[in-house]
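Down below is the structure, laid out as structure tokens.
The values are calculated or read from the model by the stated rules, or taken from the named source; none is laboratory data. Since this is a predicted model, take the numbers as computed values, not measurements. Note that each Cβ is placed from the backbone with ideal geometry, even for glycine, and that neighbours are counted across all protein chains shown. Accessible surface is based on the protein model in full, side chains and every heavy atom, while ligands, DNA and RNA are left aside. Shrake-Rupley method; radii C 1.70, N 1.55, O 1.52, S 1.80 Å.
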Amino acid sequence: MMSKVKAVVIEDQPIVWDYIRSCLEDTCDIKAFCTSTQEAEFAIKAHMPDLIWLDCYLGEFSDNGQGIKNSGLQIAHWVKNHYPQIKIFLFTASNETVILKQCKNIGIEGIALSGKYISDKEIVKEGIRTVLNGESWLSPAILETIEIEEFNMVTIFEFSVLIALVCGKNTNQIAEELCTTRKRVNNSIYRAQQKLFIDPELSREDFLDLFKEKIKKSFNTSRYYNLTEIHTINSLIQNCLDPVLYKLRDEKLEKKRVRSGN
């Protein structure tokens, strides 16, 4: 019988450890459970594992206090720079598809986004075996739903901003029409790019072209949006509502008193 490979678990929520243990115990000898990058670095150096089970958000805050950082991905980058032979299996509750590109750049072999929804442990165990055999693995649920589900993660406001961009409006116009600020509009564009797994370095023109292609592909099968309805609503706003609002804003419409009939 083959001896089990060594594994280190990096997950800051101990409540998940029993689940992780049950997924790994058939193939791995778990040497340590870590809740931080500091603990993880120490355990990796001490045990030199064959496999690391990794969560990308470890509850560690950025140095400038602006929020939680992707410290799991930072430790993964450190591992691949110093111990490239160690295989990494990323298992996270996050559903941000932009993580896929980051994992690819780092060289992470196994990826399970929205991991907490994978109730069938055999799927995870198969992923572990695949990674240990030297192959890359992406959870089947992602492969099957990414084109549809990624649009489901975009809020109505974010989607409205993108549709307005496609219609040729600039951020100033969008902010004015949605009664908001340019900052919120730009933040919505950035968040939508992340959720739709679109490279933020793309030019605005290329970004919108890719967005339109994703719409075409997703609307063929998606139950979440109806392109005809969106087009109709957008046309109604542009052709009917906007002119009235502009005239009201410029005080070019006469104000009339409404009298009740007797």
- line: With every protein chain kept in place and a 1.4 Å probe, the residues LEU100, LEU162 fall, from largest accessible area down, as LEU100, LEU162
- prompt: Which pairs in the list LYS4/LYS45; LYS80/LYS214; LYS80/LYS195; LYS87/LYS195 are over 30 Å apart, alpha-carbon to alpha-carbon?
  reply: LYS80/LYS214
- prompt: Using 0.36 nm per residue, how much length does the chain from ASP29 to LYS169 gain when fully extended, once their Cα-Cα distance is taken away?
  reply: 44.7 nm
task: Measure off 7 Å from each Cα along the Cα-to-Cβ vector at GLU135 and GLU176, then give the distance between these two points in nanometres to one decimal.
output: 5.7
